[in-house]
Every structure is written in structure tokens, then in C-alpha cells.
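Remarks on the structure that follows.
The values are calculated or read from the model by the stated rules, or taken from the named source; none is laboratory data. Predicted, not measured: the structure shown is a model, and the values here were computed from it. Here the Cβ is made from the backbone with ideal geometry for all residues, glycine too, and neighbour counts use every protein chain on show. Protein only, heavy atoms only, side chains kept; ligands, DNA and RNA dropped before computing areas. Shrake-Rupley method; radii C 1.70, N 1.55, O 1.52, S 1.80 Å.
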Amino acid sequence: MTSLFADLHIHIGSAKGKAVKITASRQLQLRTIIYHDAPRKGLDMVGIVDSGSTLVSAEIEEMLADGDLVELEKGGFIARNGVLLISACEVESREGVHIISYLPTMQRIRDWQAYIKSRVHNTRLSTQKVDASILDLIMLSSQLDGIFCFAHAFTPHKGVYGMWTDKLASKLGEDIRHIKVLELGLSADTDMADMLEETRGCTFLSNSDAHSSPNVGREYNLLRMGEKNFQELRLCLANKNGRRVLANYGMHPSLGKYHRSFCPGCDKIITDEPPISLCPLCGNSKIVMGVFDRIVVIRDYDSPRHPNERPPYYYRIPLKDLPGIGPKTYNKLLGVFPNEIELIEKILLEDISMVAGGTIAATIRDMRLGRLGISAGGGGKYGKVKKDSSNQ
Ligand SMILES: [Zn+2]
Ligand SMILES: [Zn+2]
């Protein structure tokens with residue numbers, strides 16, 4: 001058995017010189033993610049959710065031809081540097097919900113594309129609206145030996161619980177049995193999600209949804225698997241044969257950009273007692289519901305009830321977002337230590353202190369202990385780590 005760090009929701013800004021995810025940085029490219037961003041962050045595995053774009057699949061094929069990637073017999077693609085690429089497709093269902101299907105092979109990507117082709121406007125672009133229902137996509141994923149996952153399940157605009165339903169069971173009925181994996185999204189954590197009853201049997205993922213290189217791995221998972229391939233990932237996410245998610249690492253939900261309700265009229269994040277569905281300042285009911293507020297509305301329990309097998313959730317913040325760490329300090333640290341996850345998780349504070357000074361070592365210590373002060377995000381604005389939140 002081996003323990004692997006994985007970020008399973010990364011977008012592609014451009015491929016074959018053309019835009020894929022319009023809102024993403026053009027520099028966010030397949031080769032860069034695999035050969036630069038992943039090793040720098042310390043990720044063993046990356047899930048590319050734009051693999052269904054015809055531009056991206058063409059690049060995967062090109063890398064296979066060049067030997068920069070090798071397709072594994074048990075699914076997945078291994079790079080020369082040992083990074084495992086998991087291909088995936090994030091799309092928007094007819095209902096407006098974002099879903100991800102992780103697919104094992106090049107052939108399955110082609111099968112996915114064949115189905116999607118006549119149902120989207122543009123086969124090159126990321127996260128297209130597909131003329132297919134959630135249930136159609138669940139079935140498609142299952143027919144293609146994929147792993148189905150609701151993306152950022154609680155976000156107001158595109159999350160399944162954020163915009164579609166209070167109870168999956170009421171919409172999906174029996175078919176809820178196909179739902180095994182849920183992505184928490186930046187604005188939620190395990191404590192929040194475990195206030196729902198129907199997802200107790202689900203595996204939770206904490207992924208970055210990165211639209212730029214620096215955000216790759218801003219959230220990640222530690223996975224226990226037999227070896228690096230798709231079949232093992234499937235076992236891991238199904239919590240089978242000793243494979244499982246060992247831990248989730250994510251930003252404090254308050255840092256997420258949809259954590260609390262937001263009034264566009266007042267341009268204000270509302271921090272009053274949740275749930276806020278009406279602006280207390282102007283009475284506006286057209287607010288952007290916060291993820292926390294939404295969970296308070298739909299929850300079954302007043303406090304989290306974790307199933308026994310639920311792994312711990314650790315609050316982590318990318319080094320670049322910590323107070324006092326600018327590009328210079330960041331590069332200095334990465335020049336000495338192997339990668340960012342090592343720095344966040346393991347490197348001795350004394351050693352960090354010798355390179356970057358005591359204040360920065362103390363900030364990293366406080367992050368490890370979950371002791372940094374935070375002001376909440378909402379309505380599309382990220383929360384912030386408070387400047388002098390570090391207790392020296
Ligand atoms: Zn999405
Ligand atoms: Zn996404």
C-alpha cells in the first residue's frame with residue numbers, strides 16, 4: 001500500500017494553442033500541470049476535468065505518442081516523472097448542476113465525446129452545458145466504467161445541493177445508490193457536510209478546482225492505494241479492500257468565495273446568524289446564498305455526525321496566501337525544500353525558520369494547528385487570512 005497526494009479537479013486554460021476554460025489562465029496547460037505544477041506542489045496524482053475537450057484529448061494523445069504519458073492497463077496515464085493523470089470530464093447538466101465523471105482510458109474519453117458531441121454547443125470548451133439530465137449523466141458515467149462525482153456540491157449557482165435540491169433522494173429515488181462521491185468545494189468541509197444524513201455513505205473529496213497554476217493543489221486528498229492506477233482509485237473512493245481516503249486537506253470553509261450569503265445590492269457579505277436568505281440591511285431577497293447558510297437550511301442534524309470511516313479534515317492554506325509569504329520567500333523555500341506539501345505538512349519548523357525566519361515558521365505552525373484568524377468570503381469574493389492572526 002502506498003499513500004498518495006491527489007488533487008482531482010484541475011482545469012485547462014488552453015490546449016493546442018486555443019482556449020479551453022475561458023475563465024482560466026491560458027498558461028494552465030496539460031504539460032505544465034503534470035511536469036511543473038504537480039511536482040512543485042507535491043502531488044502524486046492530478047485529475048484533469050477538461051479531458052473531454054477535443055483540444056485536451058488531442059494533447060493527451062500527442063503526449064502518449066511522444067512517450068510523455070503511458071496509458072496503464074488498469075486505467076489512468078502515468079507520466080515520466082511518476083505523476084498519475086486521471087482523465088475526467090466536468091459538465092453542466094440540463095438542470096444546471098456541475099458533475100464530474102472520472103474515466104479510465106483514452107477509449108472511454110472518446111466514447112464520452114461521442115455521446116456529448118450532439119448535445120453541446122462547442123466540443124472544445126470546458127464545463128459545457130449538456131442536453132442531458134443528471135440521471136442521464138450518472139448512467140453514462142456508469143456505462144463507461146467511470147466514477148461519478150457531484151462537483152462543489154453546495155455552491156449556490158452550480159452545486160447540486162446549492163441550486164437543485166434539499167434531498168437527493170427526493171429527486172433521484174433508488175438511483176441515489178449510484179452516488180458514492182461528493183466534492184465538498186472550497187466553501188465547505190466535512191463538519192458541514194456531515195450535518196446531512198443521506199450522504200453519510202459518500203466519500204468526500206477536497207479538490208482545488210484550479211483555474212491557474214498557483215492554485216493547483218490549494219486543496220488535496222491523501223489516498224491510500226495499492227498502486228498508481230485508475231482501478232485502485234475506484235477502490236479507494238469506494239472505501240474497499242483497505243483502500244480509502246486517509247485525509248482531506250482544504251482551505252478553511254470561511255475562505256471560500258461562497259461561504260456566507262452575499263447581498264449584491266449592498267455589496268456586502270452578511271455574517272449574522274445563519275441562515276441568511278434576506279438581506280438584513282436592505283431587505284433584498286435576491287441574495288447569493290452562502291454555502292454555510294444553505295447547509296443550515298437543508299441539514300438533518302444541528303451538529304456534525306461523522307460516520308466512523310470519515311477521515312480527518314485538516315485546514316490548509318497555500319503558502320502564497322499566507323501573510324508574509326511573497327514570491328521571493330516562496331521561491332526561497334521551494335529552492336531548499338522538495339515541494340510545497342512537504343513544507344505544509346512535514347518540514348521541521350526549525351528548518352523552515354532557518355531559511356525564511358521565525359515569523360514565517362510561526363505562521364506555518366499556526367496553519368498546521370488551525371489557529372489562523374480568518375474573515376469570511378461570500379458572493380464570489382474569497383475570505384482572507386487576517387494579517388496579525390499568528391500567535392507568536
Ligand atoms: Zn464546476
Ligand atoms: Zn471546475
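Observations
- Annotation note: Cβ proximity below 6 Å between a residue of the range 308-325 that is under 21 Å from M192 (Cβ atoms) and a residue that is of a type in the set (V, I, T) (sequence gap 6+ or interchain) occurs for P311/V245; Y313/T190; R316/I344.
- Qualifying position, being farther than 30 Å from Y315 by Cβ and either surrounded by 16 or more Cβ atoms within 10 Å (Cβ to Cβ) or more than 19 Å from the chain's Cα centre (by Cα) (or both), among E90, E95: E95
- Qualifying residue in the range 39-48 (condition: within 21 Å of I99 (Cβ to Cβ) and within 16 Å of ligand 1 (Cβ to nearest atom)): yes
- Extreme residue, farthest from H121 (Cα to Cα), among residues of the range 83-102 that are in contact (Cβ under 8 Å) with a residue 60 or more places away in the chain and more than 16 Å from ligand 2 (Cβ to nearest atom): L84
Here is a yes/no grid of residues against (1) outside any loop (DSSP other than H, G, I, E, B); (2) farther than 21 Å from L222 by Cα:
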{"position": "P307", "(1), (2)": "no, no"}
{"position": "P311", "(1), (2)": "no, no"}
{"position": "P323", "(1), (2)": "no, yes"}
{"position": "L343", "(1), (2)": "yes, no"}
{"position": "D351", "(1), (2)": "yes, yes"}
{"position": "M354", "(1), (2)": "yes, yes"}
{"position": "T359", "(1), (2)": "yes, yes"}
{"position": "A362", "(1), (2)": "yes, yes"}
{"position": "M367", "(1), (2)": "yes, no"}
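- Set K117, K158: member being part of a helix (DSSP H, G or I) and either within 12 Å of ligand 1 (Cβ to nearest atom) or open to solvent by 20 Å² or more (accessible area, probe 1.4 Å) (or both): K117
- The C-beta contact set for the range 133-152 (first residue acidic (D, E), second residue more than 16 Å from ligand 1 (Cβ to nearest atom), distance under 7 angstrom, 6+ apart or interchain) comprises D145/P104; D145/R108.
- Residue match in the range 191-209 (condition: more than 21 Å from the chain's Cα centre (by Cα), crowded, with 20+ Cβ neighbours inside 10 Å and of a type in the set (V, I, T)): no
- The range 131-155, residues that are within 16 Å of the chain's Cα centre (by Cα), part of a loop (DSSP other than H, G, I, E, B) and more than 15 Å from ligand 2 (Cβ to nearest atom): none
- Taking the range 1-72 as the region of interest, the strands (runs of 3 or more DSSP E) fully inside it that hold 2 or more residues being in contact (Cβ under 8 Å) with a residue 40 or more places away in the chain are 2-10, 45-48.
- Within the range 16-52, if we keep just the residues that are of a type in the set (G, A, S) and more than 16 Å from ligand 2 (Cβ to nearest atom), the residue that is surrounded by the most Cβ atoms within 10 Å (Cβ to Cβ) turns out to be A38.
- Residue match in the range 128-151 (condition: within 13 Å of ligand 1 (Cβ to nearest atom) and small (G, A, S)): yes
- Only a single item in (1) buried (at least 20 other Cβ atoms within 10 Å of the Cβ); (2) out of contact with any Lys or Arg (no Cβ under 6 Å at 6 or more places or on another chain); (3) over 28 Å from P338 (Cβ atoms) is not met by L55, and it is number (2).
- Qualifying residue in the range 62-72 (condition: touching a Phe, Trp or Tyr at 6+ places or on another chain (Cβ under 9 Å) and within 16 Å of ligand 2 (Cβ to nearest atom)): no
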